[in-house]
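To keep things clear, I will list the structure first and then write my remarks on it.
The values are calculated or read from the model by the stated rules, or taken from the named source; none is laboratory data. Not measured: the values here are computed from a predicted model. Because the Cβ atoms are built from the backbone with ideal geometry, glycine has one as well, and the counts that use them run over all protein chains shown.
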Amino acid sequence: MNWFQNMNRWKRLGIVSSVSFVIALFSHTFLISEWLEGRYFAGLGDGLSQMLPFKKMLYDLYSSGEFFYNQSFGLGGGVYSQLGYYYSTSLLFWIQCGITYVLEITGLLAHHPALFYWANMILVVSIIRLTAIITAAYYYFRKMRFGSIAAIMAASIYGTSIIYFRHVMYWEFFADAMLWLPLILFGVERIIREGKSGLFTAMVAVSLFDNFYFAYINLLLAGIYIIVRWIIRLTPDELRWTKQIGHYIKSGIIGFLISAVSFIPAVYGFFDNERPSYKAAIPIFEMPDNLLLSGKIMLYLAFTIFCLFLFSFYKNKRFRFFAVLVILGMCMHLSPIVASLFNGLSAPQYRWEYFLGICTGGLAATGFEMLSRLKWKEISIAFLGAGILYYAFYRFDEELYLINMEEWKQSYLLSMLAVVYVGLIAFFLFKRRRGTHLVLACLLIGVSIGTVYEFQSRMLAGEDSKRLPTREFMESSKYSGADQTRLIRKIQAAEQDPHARIDWMIPTRNNTPIVEHFNGMSVYSSILNKRLLNFYLFDMKIDMGRESVSRYATMGGRANLYALTEGKYMIIRKGNEANVPYGFEPFAKSGKYAAYRNKKTLPFIRTADKVYSSEQLAKFTVLEREHAMLDGVILEDSQANKPFKSMTSLTVKKDGQLDIQPVSATYDGKVLNITGGKGGIDISVDPSFKNAKDLYIEFHLERLINKSPDEYALSVNDYHTSRKANTSIYRTFADDLAIRTPYQDKISIRLPKGKYELRNILVQGENYKLLDQVAAKENKLNEKIDWDGGSHFQARLQNELGDRYAILPIPYEKGWKAELNGKTVPIQKANYTFTAVELKQGSNDIQLTYRPPYFWISLTLTMIGLIASLMLYVYYNRKRET
């Protein structure tokens with residue numbers, strides 16, 4: 001009998017999955033047609049800049065046996081921890097990697113998966129993921145005691161929410177959260193109805209393991225759901241709320257323990273990130289998106305709005321429950337404060353709104369099953385109420401209200417609205433006939449699919465599908481051009497040092513090194529090593545050519561920093577030769593691009609006996625800090641063994657000593673008011689700078705009047721960069737700048753029209769005598785390095801000079817452990833962000849091993865959680881049997 005029941009259960013699952021697959025397939029019809037035309041389901045922005053490169057990089061690491069660290073992630077970083085927000089702990093991505101690896105080793109994939117493989121897989125995985133989402137939602141709605149037709153309709157409304165396709169295109173891993181939410185709510189219902197917490201425990205563990213950020217969102221949504229369920233009890237025999245709390249606490253603890261090996265390192269990475277707090281005022285109410293008529297994030301199905309005005313249905317507890325959630329969700333949507341709460345009290349983000357899809361699905365399913373009892377009077381009232389609400393959303397949406405009727409086609413829901421209401425009228429006219437409910441359900445599912453088709457074609461793809469990348473675009477100079485790649489391969493063929501870095505990236509695409517497979521000097525990720533970010537933004541004030549959080553890039557043309565960070569090559573587009581750093585000479589050319597090789601390089605491992613402290617260097621300029629790093633090593637606290645003195649060959653000129661002339665502007669030493677289209681100040685360079693090769697200009701700059709949300713350009717002679725608008729959520733607030741430019745007898749600072757705070761101007765000349773001396777020294781370490789860029793570093797060196805410290809251009813990060821000659825030794829944070837190990841005189845065998853922060857503790861907690869869950873499972877099984 002049990003075998004028969006199980007067979008039926010699996011048969012039912014097969015049928016539901018097949019129906020879900022068909023719905024998912026039809027929901028991707030437009031995207032499939034675009035794929036057949038050679039366009040990929042990926043956004044031109046973060047889709048190409050982050051999602052594809054990270055998937056490619058992680059699979060390359062996993063398939064080579066490396067899981068934790070990558071030298072090519074920017075200047076190097078722990079990818080397990082820092083990419084926990086993306087894919088490094090994503091269960092669905094792991095499954096994809098496992099399948100891909102099997103295909104590769106069995107020869108079913110002819111080549112190692114390249115970037116285009118992952119681009120093609122987005123659509124395939126999206127269809128499979130959406131099938132799973134609809135199936136999971138179906139079982140949740142069945143748990144809510146809906147009939148099969150109503151449950152599949154509700155699940156389809158949830159799965160085909162436009163936010164799903166928005167997430168997949170721009171930030172694909174966001175969409176995984178839509179699979180876990182109905183399973184979490186299913187687990188909640190099992191606790192409430194049956195007192196069984198196994199599924200909820202499992203889903204807490206899965207959510208926390210998979211992605212800590214969306215675990216926070218999903219569990220917060222589950223909390224809202226639970227509170228409303230406490231207020232509106234659906235069945236008389238539900239577990240008391242006090243006992244429910246016990247189950248939630250137990251599940252939360254065990255789920256956390258099971259997930260610890262992923263959750264703890266990922267959360268550490270989040271808190272070890274550096275990102276300025278959001279300082280702009282957050283309004284209580286605001287319409288970010290029109291839920292009814294032209295949503296770009298989420299849309300309410302027209303049938304759901306109709307149901308809201310069926311007042312007699314509110315007597316039904318289940319209808320009332322979902323109606324309250326729908327209304328509450330609408331209010332939450334209109335509050336940026338709520339959006340900020342779901343984004344960790346940071347800038348408002350509307351990533352949580354897939355919850356509205358499951359609420360509208362539940363309300364639509366409840367109303368659907370009760371439609372037959374309606375009278376024409378109540379039907380008319382519902383139509384009138386829905387019409388008034390639609391008009392209100394039209395009237396108070398300025399973007400829609402100001403356009404004429406010819407442009408109303410931009411509201412792609414309008415036609416779907418008419419279809420739904422015509423279908424409803426037909427249903428009420430023929431409701432006594434067989435099959436009418438099935439026809440209406442198919443109509444509502446079809447409307448949902450039609451809505452996402454319109455959304456994909458109008459909002460995601462845009463006019464002529466210009467927002468979907470093609471292979472041609474991805475092989476162009478805007479992403480990964482042939483000329484650029486040719487130069488990189490020439491460099492890699494000629495360079496014997498496997499750790500040499502190339503300063504090159506496509507403008508705004510900081511992950512170009514991952515895409516083009518080389519050790520670069522840039523990265524773009526929401527979570528990064530805060531010491532590296534502070535090194536760029538505050539310690540060394542390195543201009544990256546474009547202000548933006550979550551990124552770092554280049555060394556600002558500063559030759560000393562290139563020498564200190566293994567920056568041995570640079571690729572530039574022709575026409576930018578003026579900004580080639582000191583010591584770089586032409587290496588090769590290809591098309592519009594040229595590569596330069598650094599002749600002022602330093603060994604990978606440097607040793608030093610002179611120790612300066614970051615505290616004593618706080619009052620010195622960034623150039624003087626560069627010199628301190630070349631002359632010795634900068635450590636923290638009170639470890640300095642020598643006072644730092646500025647090199648006598650350097651000249652520094654500050655505000656009062658500078659000859660400053662405003663150009664198309666007025667300037668009082670603090671406020672620069674540019675009245676022309678472009679203006680600024682000219683600084684006459686003192687004759688004492690005549691022997692300088694470069695000039696370093698430091699100043700504080702803030703825009704005081706900013707009505708435009710756009711960034712603005714800043715140029716210092718031939719050097720060009722850009723700054724964010726004051727209102728931008730991506731502003732760094734690092735307003736103390738340092739720009740290096742080749743020596744000229746005049747420094748021209750130019751900005752667009754506006755008012756700026758410009759103060760603390762300092763000019764310093766660099767003749768590079770110290771760099772020349774250090775680079776000319778023979779390497780007497782006889783170093784032998786064994787490192788593939790992963791978690792295990794080994795080097796042998798002879799410390800014949802008896803220097804105290806070995807300094808490595810490996811970013812300092814919690815997780816590295818060091819051994820010297822077989823004995824564990826502490827790792828020092830050197831030169832603000834890099835790694836140093838104290839040496840012995842003579843032979844030194846250095847071994848570094850990286851594991852994610854708190855990895856072994858986390859792994860132990862995971863084992864404890866798994867054992868505890870197994871013991872509880874056995875206990876409750878025996879209890880049921882007795």
Boolean, residue 98 is over 15 Å from the mean Cα position of the chain (by Cα), within 30 Å of residue 258 (Cα to Cα) and either among the polar types (S, T, N, Q) or buried (at least 19 other Cβ atoms within 10 Å of the Cβ) (or both): no
When residues of the range 565-588 are limited to those that are under 29 Å from the mean Cα position of the chain (by Cα) and within 22 Å of residue 807 (Cβ to Cβ), the one surrounded by the most Cβ atoms within 10 Å (Cβ to Cβ): 569
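So that you can scan it fast, the table gives a plain yes or no per residue for (1) more than 18 Å from residue 566 (Cβ to Cβ); (2) modelled with pLDDT of 95 or more; (3) within 26 Å of the chain's Cα centre (by Cα); (4) not hydrophobic (A, V, I, L, M, F, W, C):
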| site | (1), (2), (3), (4) |
| --- | --- |
| 477 | yes, no, yes, yes |
| 481 | yes, no, yes, yes |
| 488 | no, yes, no, no |
| 495 | no, no, no, yes |
| 501 | no, yes, yes, yes |
| 508 | yes, no, yes, yes |
| 512 | no, yes, yes, yes |
| 518 | no, yes, yes, no |
| 522 | no, yes, yes, yes |
Which number in (1) within 25 Å of residue 198 (Cβ to Cβ); (2) modelled with pLDDT of 95 or more; (3) over 24 Å from the mean Cα position of the chain (by Cα) marks the one condition that residue 243 misses? (2)
Look at residue 622 and say whether it is in contact with a strand residue (DSSP E or B) (Cβ under 7 Å, 6 or more places away or on another chain), farther than 30 Å from residue 786 by Cβ, in the same structural domain as residue 827 (by TED's automatic domain parsing) and in contact (Cβ under 8 Å) with a residue 12 or more places away in the chain. yes
Hey, does the range 854-866 have a residue that's of a type outside the set (Ser, Thr, Tyr), without any contact (Cβ under 8 Å) to a residue 40 or more places away in the chain and assigned to a helix (DSSP H, G or I)? yes
What helices (runs of 4 or more DSSP H), lying completely within the range 479-582, carry at least 1 residues that are of a type in the set (Lys, Arg) and not assigned by TED's automatic domain parsing to the domain that holds residue 731? 482-494, 530-534
What is the number of the single condition among (1) closer than 19 Å to residue 73 by Cα; (2) small (Gly, Ala, Ser); (3) in contact with a strand residue (DSSP E or B) (Cβ under 9 Å, 6 or more places away or on another chain) that residue 494 does not meet? (1)
Of all helices (runs of 4 or more DSSP H) fully inside the range 28-87, the set with 2 or more residues that are among the β-branched types (Val, Ile, Thr), more than 15 Å from residue 850 (Cβ to Cβ) and in contact (Cβ under 8 Å) with a residue 12 or more places away in the chain is 29-36
At pLDDT below 90 and not in a helix (DSSP H, G or I) - does that describe any residue in the range 442-454? no
Among the numbered criteria (1) crowded, with 23+ Cβ neighbours inside 10 Å; (2) under 30 Å from residue 290 (Cβ atoms); (3) in contact with a Leu (Cβ under 9 Å, 6 or more places away or on another chain), which single criterion is violated by residue 191? (2)
Residue within the range 736-749 that is over 23 Å from residue 576 (Cα atoms) and either touching a residue at least 40 places away in the same chain (Cβ under 8 Å) or not in a loop (DSSP other than H, G, I, E, B) (or both) present: yes
With the range 765-823 as the region, which strands (runs of 3 or more DSSP E) entirely inside it contain at least 2 residues that are without any contact (Cβ under 8 Å) to a residue 60 or more places away in the chain, under 35 Å from the mean Cα position of the chain (by Cα) and under 21 Å from residue 82 (Cα atoms)? 792-799, 816-820
It is to be established whether one or more residues within the range 270-284 are in contact (Cβ under 8 Å) with a residue 60 or more places away in the chain and in a helix (DSSP H, G or I). yes
What helices (runs of 4 or more DSSP H) lie completely within the range 131-199 and have 3 or more residues being free of Cβ contacts under 8 Å to residues at least 60 places away in the same chain? 177-194
Please verify whether the range 261-273 includes one or more residues that are acidic (Asp, Glu), under 29 Å from residue 395 (Cα atoms) and in contact with a helix residue (DSSP H, G or I) (Cβ under 7 Å, 6 or more places away or on another chain). no
Applying the selection to the range 676-727, what residues are in a strand (DSSP E or B) and either modelled with pLDDT under 90 or assigned by TED's automatic domain parsing to the domain that holds residue 560 (or both)? 676, 677
Of the listed residues (737, 808), the one being closer than 30 Å to residue 550 by Cα and touching a Ser or Thr at 6+ places or on another chain (Cβ under 7 Å) is 808
Does any residue of the range 778-791 turn out to be surrounded by 15 or more Cβ atoms within 10 Å (Cβ to Cβ), at pLDDT 95 or above and either of a type in the set (Asp, Glu) or farther than 25 Å from residue 599 by Cα (or both)? yes
Search the range 371-393 for residues being assigned to a helix (DSSP H, G or I) and surrounded by 17 or more Cβ atoms within 10 Å (Cβ to Cβ), and hand back the single one that is modelled with the lowest pLDDT. 393
Residues that are of a type in the set (Gly, Ala, Ser): list the helices (runs of 4 or more DSSP H) wholly contained in the range 296-353 that include at least 2 such residues. 317-333, 336-342
Scan the range 103-130 for residues that are part of a helix (DSSP H, G or I) and of a type outside the set (A, V, I, L, M, F, W, C) and jot them down. 104, 117, 120, 126, 129
